[in-house]
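See structure below.
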Amino acid sequence: MNSWLSIIPPIVAIVLAIITKRVFFSLLFGVVIGSFVIDLSLNSLFLSAEYFVNVFSGAGNTRTIIFSLLIGVVIQLVQKS
């Protein structure tokens, strides 16, 4: 794999986050693009789903993601009130 291809998923995720203001959607799209760069086939969708399952299999990762979501919810609640 060419080394310049590895920079595409983070750039896509950052640009999409800036444009849409939706960070989790942008990160999800970045992971899918990254798995597509690794596999270069339609099997990459299944590969990205497997990556997500592997991330949530660890208790520490799950706690960190849930904590981040809760912080985001509190920030949105404070902004709306």
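So the values come out like this:
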{"item": "Label point distance in nm, PHE67-VAL53, each placed 7 Å from Cα along Cα→Cβ", "result": "2.7 nm"}
{"item": "Percent breakdown of C-alpha pair distances by 5 Å bin, ordered from the shortest bin, for the chain", "result": "3, 14, 16, 20, 21, 13, 7, 3, 2, 0"}
{"item": "Pairwise FRET efficiency - SER3 versus PHE25, Cβ, R0 = 25 Å, nearest 0.05", "result": "0.40"}
{"item": "Sum of -39500 (n - 2.57) over DSSP H runs of 4+, divided by residues of the chain (222 nm, nearest 500)", "result": "-26500 deg cm²/dmol"}
{"item": "Of all accessible heavy-atom area on region 1-44, the percent that carbon and sulfur account for (1.4 Å)", "result": "77 percent"}
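The values are calculated or read from the model by the stated rules, or taken from the named source; none is laboratory data. Only a predicted model underlies this, so the values are computations on that prediction, with no experimental measurement involved. Because the Cβ atoms are built from the backbone with ideal geometry, glycine has one as well, and the counts that use them run over all protein chains shown. Areas reflect the complete protein model, heavy atoms only, side chains present, ligands, DNA and RNA absent. Shrake-Rupley method; radii C 1.70, N 1.55, O 1.52, S 1.80 Å.
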